[in-house]
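For reference, the structure discussed in these notes is given below.
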Amino acid sequence: MNNLETFIELLPDLAFFKDMKGLYTHCNSDFLSCVNRDKKDIIGKTVFEIYSNENAIRIKQNDDEILESNHRKSYEETFINNDGSITYFKTTKQVLHDESGKKLGLFCIVRDITERREYKLIYEDNHLILEYIAKNDDLQSTLNKIVYLAQQRNRGSKCSILLLNDSKKNLLNGAAPSLPDFYNEAVNGSEIGEKVGSCGSAVYKQERVIVENIDTHENWKDFLKFTQRANLHACWSEPIFSSEGEILGSFAIYNANSNNKCNFHLN
């Protein structure tokens, strides 16, 4: 155990050790960077003191099963971030023993596989959408299907699609089944512009626009009475292009939490 600290620092993944009481006793710098904590905030703490209750319960259940079986286990697990998004990890845990065979605790190696999982989900969603289009010759229901799928992948979010009108100057409601009617009515027909919300700006600049705090961002000052009433405080917007590169509209993800960061800081 004396050399464990040196050993885990050499590992390319997140690594840590927890004793039989579930207390963290060792961790490498990559793990600390991932959880955005100092070492003093981790060592001697349990998962319930570090992560959200939802995540901690799931971790504790897996730890107990591995300690009981006394076998190494590799599995994929998910963590729910503060903003409702999901981070995916490939985790390997093994029980360590002393020279007499007594259990000392769990040695854990964790790898972030979110990007790989997201590509897989994108492929699956594309397949579902194409299948849906083949069976339903209706634009509105197809757009709603896209929005619902996106909301399933972004837990706690509310999504929308806005489409450019014929003049290419205004955005019209395409699909926003989870947003309140008063909000959809307020943004319907809004002009695009460099500093018009997230969607109007994204379409105007033809690039992704992320507003982490709607309440304080200049782009949203004319919509605050609607966003606050609808409890929308962060918005990510991506322009939509045709296969020929023509700008068609925008896809947006709203969240009730401001200053969202999709990291592994789960309190």
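Taking each residue of the range 90-102 that is more than 22 Å from Y75 (Cα to Cα) and looking for partners that are part of a strand (DSSP E or B) with beta-carbon atoms closer than 8 Å, six or more apart or interchain, yields D98/L104.
When the range 204-235 is examined, which residues are found to be open to solvent by less than 70 Å² (accessible area, probe 1.4 Å) and either within 18 Å of A150 (Cβ to Cβ) or over 24 Å from the mean Cα position of the chain (by Cα) (or both)? V209, V211, F223, L224, F226, A230, L232, A234, C235, listed by residue number. For the range 6-28, the criterion of being assigned to a helix (DSSP H, G or I) and touching a residue at least 12 places away in the same chain (Cβ under 8 Å) is satisfied by at least one residue. Take the conditions (1) at pLDDT 85 or above; (2) buried (at least 17 other Cβ atoms within 10 Å of the Cβ); K90 misses just one of them, which is (2). Within the range 64-72, is even one residue within 23 Å of P12 (Cβ to Cβ) and either modelled with pLDDT under 95 or not in a helix (DSSP H, G or I) (or both)? Taking every residue of the range 64-72 in turn, at least one turns out to be within 23 Å of P12 (Cβ to Cβ) and either modelled with pLDDT under 95 or not in a helix (DSSP H, G or I) (or both). The C-beta contact set for the range 182-204 (first residue among the hydroxyl-bearing types (S, T, Y), second residue surrounded by fewer than 23 Cβ atoms within 10 Å (Cβ to Cβ) and assigned to a helix (DSSP H, G or I), distance under 7 angstrom, 6+ apart or interchain) comprises Y183/F226; S198/N219; S201/N219. E238: at negative phi, open to solvent by 70 Å² or more (accessible area, probe 1.4 Å) and without any contact (Cβ under 8 Å) to a residue 40 or more places away in the chain, yes or no? Judged against the criteria, E238 is not a match. Taking the conditions (1) out of contact with any helix residue (DSSP H, G or I) (no Cβ under 7 Å at 6 or more places or on another chain); (2) surrounded by fewer than 18 Cβ atoms within 10 Å (Cβ to Cβ); (3) under 30 Å from R155 (Cα atoms); (4) not aliphatic (A, V, I, L, M) in turn, F31 satisfies each one other than (2).
The values are calculated or read from the model by the stated rules, or taken from the named source; none is laboratory data. In this text the structure is predicted, and so the values were computed from the model without any measurement. A quick note on method: Cβ atoms are made from the backbone with ideal geometry, for glycine too, and the neighbour counts reach across all protein chains shown. These accessible areas exclude ligands, DNA and RNA; they are computed on the full protein's heavy atoms, side chains included. Shrake-Rupley method; radii C 1.70, N 1.55, O 1.52, S 1.80 Å.
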